[in-house]
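Below you'll find the structure, written out as structure tokens, and then a few comments.
The values are calculated or read from the model by the stated rules, or taken from the named source; none is laboratory data. None of these values were measured; they are calculated from a predicted model. Glycine gets a Cβ as well: all are built from the backbone with ideal geometry, and neighbour counts include every protein chain shown.
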Amino acid sequence: MTDRKRVFSGVQPTGNLHIGNYIGAFRNWVSMQEDYDCIYNVVDLHAMTVPYDPSTFRAERIHLAKLIMAAGVDTDRSLLYFQSDVPHHAELAWILSTITGIGQLERMTQYKEKSDRAGQNLGLLSYPVLMAADILLYKVHAVPVGDDQTQHLELTRDVAERFNHRFGEVFPIPERITPEIGARIMSLQDPFSKMSKSDPNEKSRILLDDDPAAILKKVKSAVTDSDRYVRYDWEEKAGISNLLELFSVFSGRSIDSLVEEYHDAGYGTFKIAAAEAIAEGLAPVRERMASIGDGDVMSIMARGAEVAQEKAEQEMKPIRAAVGLG
Ligand code: ATP
Ligand code: LTN
């Protein structure tokens, strides 16, 4: 790698990727490859903080890695690996946990939501510390994520500042990168809650590998309102505004031009056109998915882990020295 600025991001193998993940995070994972040295992870250790099935976990991890490649992460240019293959993440998380307050962790919205739903455990509480370790391990400058990760990024920045203050200037303070449109894509069934992998209602999300018929069905059943005019207005028309964002991202057209064209076309016509744009935008991902074999994925991930282990070991040396270890 050169001395270009670095980027890190991760995604949990907690289910199939949806277009919220794609728009909020992956588009930037892909586009940032042009200008940055990018390091991306399937954060399997994070996924273990909620109940999961160990007998399917391996296949889910591989499937997610394949989707990341199909979505446009080029493993000749970017480093991609399973977080659990590089133990330095957990080592640094331990060091950082010694300077993180429990009160701050207990205030994390995601901790409160997930512990209410799935039950408390220490891993879930310290989840953001492991995320801070992922980011700080490589001294990255930028982290492309969706809106829901804002609080975790703030914690990462606090921990980095605290570390630097206590042990010397080791970590740069990383910036959050979120898209202008689509940082928070909402559920198709409830436009007031975010589209999520773990929502039990499958109609709430469009998956990256859904076929055009499935996409049309889900968009048609998307919850809107009883009016008939297409307007971009999150207060009054959250469902339609959500669809407008999706339509805009996948068609490359501005929201204004879509509103102009579909203002009084009726919701039925508008939804069909939006579904077609989404299906067309996702077609290359679906095609690439079919052409990548599981064996290829495993060997690419093994190579990624090997490169990362060496790099992470180099990065850990000054960190260990700063805290008096090593
Ligand atoms: P889970 O439901 O298991 O929490 P998730 O759908 O939130 O999963 P993550 O693996 O936590 O997915 O997130 C992967 C990336 O996608 C993160 O950068 C996250 O901010 C982003 N992301 C997740 N949901 C959305 C959404 N609805 N809109 C925009 N970005 C999102
Ligand atoms: N918590 C993140 C996943 C994640 C991550 C990271 C994102 C784990 N480590 C480091 C960016 C950088 C989420 O999306 N739920």
Unmet criterion (only one of (1) within 16 Å of ligand 1 (Cβ to nearest atom); (2) of a type outside the set (Asp, Glu); (3) surrounded by 18 or more Cβ atoms within 10 Å (Cβ to Cβ); (4) farther than 29 Å from GLU245 by Cβ) for PRO179:
(4)
Counted residues in the stretch 139-150 being of a type outside the set (Lys, Arg) and either over 14 Å from the mean Cα position of the chain (by Cα) or away from ligand 1 (no atom under 11 Å from the Cβ) (or both) come to 3
Tell me, which helices (runs of 4 or more DSSP H) wholly within the stretch 255-326 include 3 or more residues that are in contact with a His (Cβ under 9 Å, 6 or more places away or on another chain) and of a type in the set (Phe, Trp, Tyr)?
none
So which residues in the stretch 1-60 are in contact with a strand residue (DSSP E or B) (Cβ under 9 Å, 6 or more places away or on another chain), among the aromatic types (Phe, Trp, Tyr), within 14 Å of ligand 1 (Cβ to nearest atom) and not in a helix (DSSP H, G or I), if there are any at all?
PHE8, TYR40
Which pairs have Cβ atoms under 7 Å, sit 6 or more apart or on different chains, and link a residue in the stretch 108-136 that is touching a residue at least 12 places away in the same chain (Cβ under 8 Å) and of a type in the set (S, T, N, Q) to one that is part of a loop (DSSP other than H, G, I, E, B) and within 12 Å of ligand 1 (Cβ to nearest atom)?
ASN121/THR49
Within the stretch 267-325, of all residues that are of a type outside the set (A, V, I, L, M, F, W, C) and in contact with a Ser or Thr (Cβ under 7 Å, 6 or more places away or on another chain), the one farthest from GLY252 (Cα to Cα) is GLY304
Which of the residues belonging to the stretch 186-196 are part of a loop (DSSP other than H, G, I, E, B) and either within 7 Å of ligand 1 (Cβ to nearest atom) or in contact with a strand residue (DSSP E or B) (Cβ under 8 Å, 6 or more places away or on another chain) (or both)?
SER187, PHE192, SER193, MET195, SER196
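Which ones in the stretch 202-233 are over 28 Å from ARG288 (Cβ atoms) and touching a Leu at 6+ places or on another chain (Cβ under 9 Å)?
Passing the criteria: VAL223, THR224, VAL230, ARG231, TYR232.
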Hydrophobic (A, V, I, L, M, F, W, C) and crowded, with 24+ Cβ neighbours inside 10 Å: does that describe PHE57?
no
Go through the stretch 188-245 and give me each residue that's surrounded by fewer than 18 Cβ atoms within 10 Å (Cβ to Cβ) and among the β-branched types (Val, Ile, Thr).
VAL223
Looking only at the stretch 197-232, how many residues end up being outside any helix (DSSP H, G or I) and among the basic types (Lys, Arg)?
4
Is it the case that ALA93 is touching a Leu at 6+ places or on another chain (Cβ under 6 Å), within 16 Å of ligand 1 (Cβ to nearest atom), under 20 Å from LEU325 (Cβ atoms) and without any contact (Cβ under 8 Å) to a residue 60 or more places away in the chain?
no
Please work out which residue is modelled with the highest pLDDT, limiting yourself to the stretch 159-195 and to residues that are over 24 Å from MET32 (Cα atoms) and within 16 Å of ligand 2 (Cβ to nearest atom).
VAL159
Collect the residues in the stretch 1-18 that are away from ligand 2 (no atom under 15 Å from the Cβ) and of a type outside the set (Lys, Arg), keeping them in residue-number order.
MET1, THR2, ASP3
